[in-house]
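Since the structure comes first, as structure tokens, the remarks are kept for the end.
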Amino acid sequence: MQVAKSELMTPHQALAANGKSFNWARRFLGRRMGGDAATLYRFCRVLDDMADGDIVDGPSRLLKIRDDLSGGHRATDPLLADFMPFIQQQNLPVPVIVALIDGLLQDQKPVRIADERALRRYAYRVAGTVGLLMCHVLDCDDDAARAHAIDLGIAMQLTNIARDVLEDAEMGRRYLPASWAGDVTPAHIIASSHAPDGEVARSVSAAVGQLLLLADDYYQSGANGLSYLPLRAHIAIAVAARVYRQIGVQIAATGYGWHQGRQVTSRVTKIICSLQACGSIWRRFWPRTPHRKHLHDGLEGLPYVR
């Protein structure tokens, strides 16, 4: 069985190689929580590699992992067998992991997101689920925190989509809703990247702007939930969110130039974002803001959505 590089890496190596924003924020967590967060990240990363075809028989392995989890069977895949003690130790909710895998399996089909509802459901599956799992890793057991954790995951995924429009199109995927950008194909997106003043490119740019506005609503909700976390976890997640949101800020500064290459944050920018994030500590001394339920419109039936 061929394995991906991420399967051979330690959790810290996987995080450093593939999750630079999260790796930056991890230093605020301390050794135990930082190690647990890295372990969770590695597991999710390898699942993603399976979905993206970076591992031979990746999709079939994903299906087997899903079947073993949902059926309560003994783990037969080596990734799941290795991770199962962590699932039990952290009391990770299996339906949430299954929902994550369902989102990754969705990428095995031609991806043409139809509307905002479909976008929200996809973002929940591939990233809101990770926010829920992270609650367990970060010693946050308040039920009220879960809705905010879902929202922060969704916000980060929307930023990912805005950043990777062209890369996703090259993989045959269009996550921008047709209701926003028109029913353009990935091939149209690729072609329009060479004609940024054309009608298709402009409609894609407008959709990216709409995507980032929606992401900001979810980032705000995620920030409203930070005070549910232990102090060090609060700081770390605030830093991760601020650094990740900065990617969208930089995309907006280019006039939503999705065709200009992937935006990254420099070390100096990360330091500035970290200092800004520390200002969120005041939230711990003010009444908590109730969750805005409309943010979960369209998510009915998914785990921990009320």
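Using the charge dipole of region 1-139 (Lys, Arg: +1 at Cβ; Asp, Glu: -1 at Cβ; taken about the Cα centre), state which of Leu63, Ala75, Pro85 has its Cα farthest towards the positive end.
The one lying farthest along the dipole's positive direction is Pro85.
Magnitude of the Cβ-charge dipole of region 142-276, K/R +1 and D/E -1, about the Cα centre, nearest 20 debye?
On the way: 11 positive and 12 negative charges, 105 e Å.
For this selection, approximately 500 debye.
Could you pull the Cα extents of region 193-266 along its three principal axes, largest to smallest, in whole Å?
The Cα atoms of region 193-266 stretch 49, 25, 13 Å along the principal axes, largest first.
Using only Cα atoms, figure out Rg for the chain and give it as a multiple of 2.2 N^0.38 Å.
Details: Rg = 18.7 Å, N = 306, 2.2 N^0.38 = 19.4 Å.
Taking the Cα Rg and dividing by 2.2 N^0.38 Å, one obtains 0.97.
Averaged per residue, what accessible area in Å² does region 164-210 show with a 1.4 Å probe, protein chains only? Don't jump to the answer; show the numbers that get you there.
Values: 2100 Å² over 47 residues.
Value returned for region 164-210: 45 Å² of accessible area per residue.
Per residue, what volume in Å³ does the convex hull of the Cα atoms of region 1-117 enclose? Could you put the intermediate results ahead of the total?
Numbers: hull volume 15.0 nm³, N = 117.
Dividing the Cα hull volume of region 1-117 by its residues yields 128 Å³.
Using the alpha-carbon centroid of each, what span in Å lies between region 10-63 and region 267-306?
When both Cα centres are located, 22 Å separates them.
Mean separation of Cα pairs under 8 Å and 6+ residues apart, divided by the residue count of region 37-180: what relative contact order is that in percent? Intermediate results must be reported in sequence, preceding the final value.
Numbers: 157 pairs, mean separation 33.6, N = 144.
This gives 23 percent for region 37-180.
Would you mind giving the average projected area, over all directions, of the Cα convex hull of region 53-108 in nm² with one decimal? Write down the numbers at each step before the final one.
Numbers: hull surface 15.1 nm².
Mean projected area of the Cα convex hull: 3.8 nm².
Counting every Cα pair in region 158-306, what percent are over 21 Å apart? Mind dumping the intermediate values first?
Details: 5786 of 11026 pairs.
Taking all Cα-Cα pairs of region 158-306, the fraction more than 21 Å apart is 52 percent.
How many percent of Cα pairs in region 60-185 exceed 21 Å? Show your work: numbers first, answer last.
Values: 3612 of 7875 pairs.
Taking all Cα-Cα pairs of region 60-185, the fraction more than 21 Å apart is 46 percent.
Taking 8 Å as the Cα distance limit and 6 or more residues as the minimum spacing, I'd like the relative contact order of region 28-83 as a percentage.
On the way: 30 pairs, mean separation 11.0, N = 56.
Taking the mean separation of contacting Cα pairs over the length of region 28-83, I get 20 percent.
Can you give the calculated 222 nm mean residue ellipticity of the chain, where each DSSP H run of n ≥ 4 adds -39,500 (n - 2.57) and the sum is split over every residue, rounded to the nearest 500 deg cm²/dmol?
Values: 16 runs with 194 residues, N = 306.
It comes out at -19500 deg cm²/dmol, rounded to the nearest 500.
Over region 158-306, what is the relative contact order in percent, taking alpha-carbon pairs closer than 8 angstrom and at least six residues apart? Spell out each step's value before the answer.
Details: 150 pairs, mean separation 38.8, N = 149.
Value for region 158-306: 26 percent.
With the cut-off at 1.5 for a/c, could you classify region 258-301 from its C-alpha gyration tensor as rounded, prolate or oblate? Don't skip to the answer; put the middle values down first.
On the way: a/c = 4.85, a/b = 1.22, b/c = 3.97.
Oblate is the answer for region 258-301, as a/c is 1.5 or above yet b/c matches or exceeds a/b.
Extending each Cα 7 Å along its Cβ direction at Val94 and Trp282, get the distance between those two points in nm, one decimal.
4.6
If you bin every alpha carbon distance in region 146-193 into 10 Å steps from zero, what whole percent lands in each bin?
26, 45, 21, 7, 0
Normalized C-alpha radius of gyration of region 6-75, against 2.2 N^0.38 Å? Can you show the working numbers first?
Details: Rg = 13.7 Å, N = 70, 2.2 N^0.38 = 11.1 Å.
Cα Rg divided by the expected 2.2 N^0.38 Å: 1.24.
Please sort 133-146, 114-127 by packing, taking for each peptide the average over its residues of neighbouring beta carbons within 10 angstrom, highest first. Write down the numbers at each step before the final one.
On the way: 133-146: 18.8, 114-127: 20.6.
Descending packing order for the listed peptides: 114-127, 133-146.
Using the Cα centre of region 183-306 as origin and beta-carbon charges of +1 (Lys, Arg) and -1 (Asp, Glu), tell me which of Gly225, His294, Thr185 is placed farthest towards the positive end of the dipole.
Result: Gly225.
Can you give the charge dipole size of region 122-201 about its Cα centre, rounded to the nearest 20 debye, using +1 on the beta carbon of Lys and Arg and -1 on the beta carbon of Asp and Glu? Write down the numbers at each step before the final one.
On the way: 5 positive and 12 negative charges, 35 e Å.
With only Lys, Arg, Asp and Glu charged at Cβ, the dipole is about 180 debye.
Nothing charged except the Cβ atoms of Lys and Arg (+1) and of Asp and Glu (-1): what's the magnitude of the dipole of the chain about its Cα centre? Round to the nearest 20 debye. Please list the in-between numbers first.
Numbers: 35 positive and 31 negative charges, 213 e Å.
Charge dipole, the chain, about its Cα centre: 1020 debye, nearest 20.
Lysine pairs in the chain 8 or more apart or on different chains: how many have alpha carbons under 23 angstrom apart? All intermediate terms of the calculation are to be shown ahead of the outcome.
Working: Lys5/Lys20; Lys5/Lys64; Lys20/Lys270; Lys64/Lys109.
Lysine pairs meeting the criterion: 4.
Residue by residue, what Karplus-based ³J(HN,Hα) values in Hz, rounded to whole numbers, does region 212-224 have, using 6.51, -1.76 and 1.60 with θ = phi - 60° and x for Gly and Pro?
Computed from phi, the couplings for region 212-224 are 6, 5, 5, 4, 4, 4, 6, 4, 4, 5, x, 4, 5 Hz.
The values are calculated or read from the model by the stated rules, or taken from the named source; none is laboratory data. Computed from a prediction, not measured in an experiment: that's the story for all the values here. Using ideal geometry, Cβ is built from the backbone for each residue, glycine included, and neighbour counts are taken over all protein chains shown. Side chains included, ligands, DNA and RNA excluded: accessible areas come from the protein's heavy atoms. Shrake-Rupley method; radii C 1.70, N 1.55, O 1.52, S 1.80 Å.
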